[in-house]
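Working notes, beginning with the structure itself.
The values are calculated or read from the model by the stated rules, or taken from the named source; none is laboratory data. Given the structure is predicted, the values throughout are model-derived calculations rather than measurements. Cβ placement follows ideal geometry from the backbone for every residue including glycine, while neighbour counts extend to all protein chains displayed. Ligands, DNA and RNA are stripped out before the accessible areas are found, and what is left, the full protein with its side chains, is counted by its heavy atoms. Shrake-Rupley method; radii C 1.70, N 1.55, O 1.52, S 1.80 Å.
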Amino acid sequence: MLQTLQQQGLRHVVLCPGSRSGPLALAAAGLQHAELITLSTAIDERSAGFHALGRSSASGVATAVITTSGTAVANLLPAAVEADRSNQPLLLISADRPLRLKNKGANQTVNQEAFLTPVCRWCGSGPLDGVSNGLDHELRALAETAWRHLHQQPGPVHLNCPFEEPLLPDLPQQKAFWTQWNSSQALAADAANPELWTPTPQTAAPSLDPDQPGVIVAGPWRGVSPHLEAYQAALIAWQQRSGWPVLADPLAAIPSGLGGVIRHWDLLLPNSLSQLPSHAQVLRLGSMPASRRLEAWLASQKGPQLLITEGDPRPLDPLEVAQQWSGGMARWWQELRPQLTPQLSTKPNAVEPTLIQAWSRADRDLQQRLSQLLPARGAANEPALMLALAQLLPAQLPVMLAASSPVRDWQAFAAGDTGRRRCYSFRGASGIDGTLSLALGLAAELGPTLLITGDLALLHDSNGWLLASNAQLPLFVLLIDNAGGGIFEQLPIETPSSDGLNQLFAMPQQVDPLALAAAHSIPGRQLACLDDLPTALEWGLDRTGPALLRVCTDRSSDAQRRLDLREALQQSISLS
């Protein structure tokens, strides 16, 4: 079964400990020994699931997790939920007891085959009396079906594999098997087969008129990596043909050569962007960015809105104002382009450029004013830190933004960086689960990577440090330590007592993150002031393994600072 998965394109397996899963462990080790797959281990199944999801998201090819039976399978649910909502392939393989032991009180025997069903694209099972009783062609068919469901509409798949005792062969039996096994038959297929993963919508592509006013809103991109280049090329082509301005989420994976990008839209809305014509069209790509200002602005538009997803047929418009089409941006442009008349199809910037010029001027003015208001000097504050990072980080360095405050602050204050690098943030379900393990998965595939996270998100997934120390993955963690959940300072929460916000919402923890990292042999450093940030970044990025940089901030002061900045920027732009 594993050999067939490898032939379909499986490249990496994350193995968790267990007895019932022993046969899967030995099979995976044999494929690793033959250099057909790579294998890593994790003792925490929740961490393993997220680590595999990070790998899958970076590569576009499913990574597998192998677990034993019982609660081990339940721990895979958070990663499966995120894979489902992020539309990323994730293969979850669990060992189980045979049917004869089910519902009879047998040790470590639960209804695990149903644990992941609500969020999986498909759930399959090996022979209920034990995988060893399955015929070879049945196990191959099971693996092929799983791989197809993983990538046709990318998402999680669960394979539950009952095993009867005896579980493990002795050493002479193992040696005899691997001696006669022909590894040359296990040649990998082309895992990135674009035909397999091309979205197949049920209806023809809806049209928009590039010769009439409009705007592009690019939300978080949730396609698979092999499709990114085609998506970016289609986006460039449509923008050049229409001349429409682009409001891009930092997670939109826009190409560096895209024209018309209005980077600071989150700070310019609602009053500093001149009004669109009443009939203006809106092309929305992917899910909604995390901006209530943008939501309100989109809800106020009277013209037609088209929402294009990268193969996800589920409704993704909380405003219920857009027509949705799931064929993907590349196919939409491919179908629409021949419908444009030859004369117009070669006419660039067809829309009157007054609007985009006004928006671009406001964008430049705001960037200049932002630099004046947020100097990279003195004690660290979160808006100034984000602005400085956007200016100091090497171009093309991948960045993962933890859910909650980091992704929102990057969108607002590091917007000048948009298009210079690929930014990731797992906001399918917007949880803080698995933050460190996800980032380590990205680093395993992409190489040197920066994670920007808050203290609670990092602590919540502190078992990820075990993965980091064992594999020495090149992840630089920049920890914004504001003593609890800083996002709650930005919400209209009133509590009956002065310490109610801390007790009920922010929940600061008495843990030294540098000491915790050091306990896992992870080097750490604390930033004294923003003046030292260039040196600290150089220290972390020059390392070949994981490292932690702690930046302490005041969440209450920063919450007020964000409000003051927005007000000051709106006033300065309105006067310019």
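Send over the per residue convex hull volume for the stretch 406-482, Cα only, as a whole number of Å³. Walk me through the numbers on the way to the answer.
Working: hull volume 7.3 nm³, N = 77.
Looking at the stretch 406-482, the number lands at 95 Å³ per residue.
Would you please report the Å³ per residue occupied by the convex hull of the alpha carbon atoms in the stretch 496-576?
Convex hull volume per residue, Cα atoms: 159 Å³.
Measuring with a 1.4 Å probe in the full set of protein chains, what accessible area per residue, in whole Å², belongs to the stretch 59-162? All intermediate terms of the calculation are to be shown ahead of the outcome.
Numbers: 3860 Å² over 104 residues.
For the stretch 59-162, the solvent-accessible area averages 37 Å² per residue.
Does a label point 7 Å from the Cα of Leu373, set along Cα-to-beta-carbon, have any residues of the stretch 407-435 with amide nitrogen under 20 Å, and which are they?
Hits in the stretch 407-435 for Leu373 at 20 Å: 407-418.
How much of the accessible area of the chain, in percent, comes from carbon and sulfur atoms when a 1.4 Å probe is used?
51
Could you give me D for the stretch 415-546, from Stokes-Einstein at 25 °C and 0.890 mPa s, where the hydrodynamic radius is the Kirkwood radius over C-alpha pairs? Units µm² s⁻¹, please.
Numbers: Rh = 16.2 Å.
Approximately 151 µm²/s, per Stokes-Einstein.
Ranking request for peptides 552-558, 311-317: highest mean number of other beta-carbon atoms within 10 Å first, then the rest in descending order.
On the way: 552-558: 18.7, 311-317: 16.3.
Ranked by mean Cβ neighbours within 10 Å, highest first: 552-558, 311-317.
So for each of 144-155, 485-496, 401-412 I average, over its residues, the number of other beta carbons within 10 Å; can you give me the resulting order with the highest mean first? Before the final figure, lay out the partial values.
Details: 144-155: 21.4, 485-496: 14.4, 401-412: 25.1.
In descending order of packing, they fall as 401-412, 144-155, 485-496.
In degrees between 0 and 90, to the nearest 10, how far off the longest principal axis of the chain does helix 228-242 point, with axes built from Cα atoms?
Result, in degrees: 20.
Rounded to the nearest 0.05, what FRET efficiency do Ile236 and Leu168 give with R0 = 51 Å and r taken as the Cβ-Cβ distance? Could you check? Mind showing how you got there, number by number?
Working: r = 55 Å, r/R0 = 1.08.
For R0 = 51 Å, the calculated efficiency reads 0.40.
Mind listing P(r) for the chain? All alpha-carbon pairs, 20 Å bins, whole percents.
20, 49, 27, 4, 0
Along the charge dipole of the stretch 249-320, which of Pro289, Ala252, Pro277 sits closest to the positive end, that is, farthest toward it, with unit charges on the beta carbon of Lys, Arg, Asp and Glu (+1, +1, -1, -1)?
Pro277
How far is it, in nm, from the label point at Leu99 to the one at Gln323 when both lie 7 Å from their Cα along the line to the Cβ?
For the pair Leu99/Gln323, the computed spacing is 5.0 nm.
Taking Cα atoms, how many degrees apart are the long axis of helix 354-373 and the longest axis of the chain, rounded to 10 and kept between 0 and 90?
That helix lies at roughly 80 degrees to the long axis.
Pulled fully out, how much extra length does the chain show between Ile43 and Gln510, if you take 0.36 nm times their separation in residues and subtract their Cα-Cα distance? List each step's numbers first, then the result.
Values: separation 467, 0.36 × 467 = 168.12 nm, distance 2.50 nm.
My answer for the length gained is 165.6 nm.
Would you work out if the stretch 37-113 is rounded, prolate or oblate? Take a ≥ b ≥ c from the square roots of the eigenvalues of the alpha-carbon gyration tensor; rounded if a/c is under 1.5, else prolate when a/b is larger than b/c, oblate otherwise.
On the way: a/c = 2.52, a/b = 2.05, b/c = 1.23.
Verdict is prolate for the stretch 37-113.
Rounding to the nearest 10 and keeping the result within 0 to 90°, find how far the Cα-based axis of helix 45-59 lies from the longest principal axis of the chain.
Orientation of helix 45-59: about 60 degrees from the principal axis.
Hey, can you rank 319-332, 294-307 by average C-beta count inside 10 Å, highest first? Mind showing how you got there, number by number?
On the way: 319-332: 19.6, 294-307: 17.3.
Sorting 319-332, 294-307 by mean packing, highest first, produces 319-332, 294-307.
Hey, got the dipole for the chain? About the Cα centre, +1 on K and R Cβ, -1 on D and E Cβ, debye to the nearest 20?
Values: 40 positive and 50 negative charges, 137 e Å.
About 660 debye.
Using the Cβ atoms and a cut-off under 12 Å, what net charge is assigned to the surroundings of Ser47, where Lys and Arg are +1 and Asp and Glu are -1? Please list the in-between numbers first.
Values: positive: Arg46; negative: Asp44, Glu45, Asp433, Asp461.
Its environment carries a net charge of -3.
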